[in-house]
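The values are calculated or read from the model by the stated rules, or taken from the named source; none is laboratory data. What you see is a predicted model, and the numbers here were worked out from it, not measured in a lab. Note that each Cβ is placed from the backbone with ideal geometry, even for glycine, and that neighbours are counted across all protein chains shown. SASA here: full protein model, heavy atoms, side chains in, ligands and nucleic acids out. Shrake-Rupley method; radii C 1.70, N 1.55, O 1.52, S 1.80 Å.
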Amino acid sequence: MKSIREALDLMMPAFTPVGVERVALADAVGRVLAEDVLGRSDLPPFSNSAMDGYAVRAADVASATAEAPAELPVRGESKAGGETPPALEPGCAMRIFTGAAMPAGADAVVMQENTRAEGEALFVLQAARVGENVRAQGSDLAQGAVMLARGCRLQGGELGILAAQRYASVTAYRRPMVAILCTGDELRDVSEPEAPGTIVNSNAYALAAQVAEAGGVPWVLPNVPDDLEVTVARLQDALRADLVITVGGVSVGEYDYVKAAFERTGVEASFWKVQVKPGKPLTFGRAGATPVVGLPGNPISAMVTFEAFVRPGLRAMQGDLRPHRLRHAVALAGPHRHSPGRPELARAKVVRGADGQLVAELLKLQGSGSLPSMVGVDALVMLPMGQKDFAAGEILQAVLLQDQTGAAEPAF
Ligand code: AMP
Ligand code: MG
């Protein structure tokens, strides 16, 4: 039986990008860049003033003070959107407005507030540093410099600058196709009529949603009865995907055929059990380069183990350099008792306390069969192995399921 970390360490190297493709900007949100993207033009495109005032040579006003102002004749004007101004004559100042082009020769802008104009003469009341109040050409982004690095997740800000730099499409990692293969004689689809002894295959929908949220393309195969031949045939079919998730049938019951089907289809298993609650019967193997994960059938276990063990891999398959959820310290809202045999990923609602501390309220129903207990869950809180009683206010580690930020290392 593997620990959570041992299992992740065995699994993560198997999740590698499955290819790249050209994606139009409008379709690229959430995708991960597969190439460095270089700036096409300088930002700002020309040096311009950050203030209303006077363009000068800093050296000409180096000793200016309110008591002993530097006196300069004003020659010309530069305004935003106007023509390129003439060069600044030595020893002179030029009237300039915010956003207007700096004249050649000028290297600073003196704020209007630090000057006094008398007719043609300008009195500068304060020294200026070279570059003061100047937005230098290329200072935000230099043409040819790396603007967005490979591995970067594309959100609004990234897409905005891509468009501004005239990129209509980018090379992104392909979204992996994820086969979801649910096993069990008892399963029927949501649209099928009720029948005694059957249950709706809810996992197919829950997991497909989790796959899509993580950036994969879910491919739900028809329900697989508890029959070895059918399981083998479906698994073979599923192996055309980039990642295969089987659900159920990995316990040690007489009708659990997933293990045998793995052997028959050439899936080399690296482990069958992970010391975690919920989810002990969790399998990982590979068929050639294709990772295959066997999740427990129990709906809560399936969803929680997907979150903890499959989601990071699925992110890594998309080239995400920070595939893990960020770890947060949370304070327990109330006391909690758990059976200390396995580390537990407890479902919780999270609020932020008055002092800014995240406070986690563990759900009363931590049983792994209770579907309503997955509704509106904000976080998984790690209850470490070996500790039975947890006090109110005790600080524990958690991942927030709604957050978008990643971390380079696993949270647990
Ligand atoms: P198993 O892992 O196959 O032993 O299944 C464990 C429990 O989860 C059983 O009560 C199953 O009926 C239930 N279960 C298995 N697969 C699914 C599924 N796809 N959707 C909903 N419940 C399931
Ligand atoms: Mg079963």
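Points worth noting:
- The loop-placed trypsin sites (Lys or Arg not before Pro) in segment 107-213, going by DSSP, that have at most 10 neighbouring Cβ atoms within 10 Å of their Cβ come out as ARG166.
- Semi-axes of the equivalent ellipsoid for segment 324-407, Cα gyration tensor, largest first, Å: 18, 16, 13
- Cα long-axis angle, helix 228-238 against the chain (0 to 90 degrees, to the nearest 10): 10
- The GluC sites (Glu not before Pro) of segment 221-330 meeting both criteria, a DSSP state outside H, G, I, E and B (loop) and at most 12 other C-beta atoms within 10 angstrom of the site's C-beta, are GLU254.
- Other residues with beta-carbon under 9 Å from the beta-carbon of PRO335 carry, at +1 per Lys or Arg and -1 per Asp or Glu, a net charge of -1.
- Partner lysines for LYS273 [C-alpha distance under 16 Å; skip if fewer than 8 residues away on the same chain]: LYS2, LYS259
- Cut-off 15 Å between beta-carbons: net charge of the residues surrounding ASN48, Lys and Arg +1, Asp and Glu -1: -4
- Other residues lying with their Cβ under 12 Å from the Cβ of ALA206 contribute a combined charge of -2, Lys and Arg counting +1, Asp and Glu -1.
- Integer Hz, Karplus 6.51/-1.76/1.60 couplings in order for segment 152-166, x for Gly and Pro: 6, 7, 8, 10, x, x, 5, 5, x, 6, 4, 5, 4, 9, 6
- Column: log10 I(q)/I(0), Debye, Cα scatterers of the chain, q = 0.08, 0.10, 0.13 Å⁻¹: -0.61, -0.77, -1.05
- Rounded to 5, percent antiparallel among DSSP beta bridges of segment 48-135: 85
- Considering only LEU33, ALA14, PRO44, and ranking their Cα positions along the charge dipole of segment 1-79 that arises from unit charges at the beta-carbon of Lys, Arg, Asp and Glu, the one farthest toward the positive end is ALA14.
- Solvent-accessible area, 1.4 Å probe, carbon plus sulfur percent, for segment 211-303: 50
- Per-residue ellipticity at 222 nm computed for the chain from its helices equals -4000 deg cm²/dmol, with DSSP H segments shorter than 4 residues left out and the rest contributing -39,500 (n - 2.57).
- Cα-based reach from LYS364 at 25 Å (exclusive), listing lysines while leaving out same-chain residues under 8 positions away: LYS277, LYS280, LYS349, LYS388
- Shown here for segment 23-119: GluC sites (Glu not before Pro) in loop regions (DSSP other than H, G, I, E, B) with at most 11 other Cβ atoms within 10 Å, namely GLU67, GLU83.
- Counting only DSSP beta bridges whose two residues both lie in the chain, roughly 70 percent are antiparallel.
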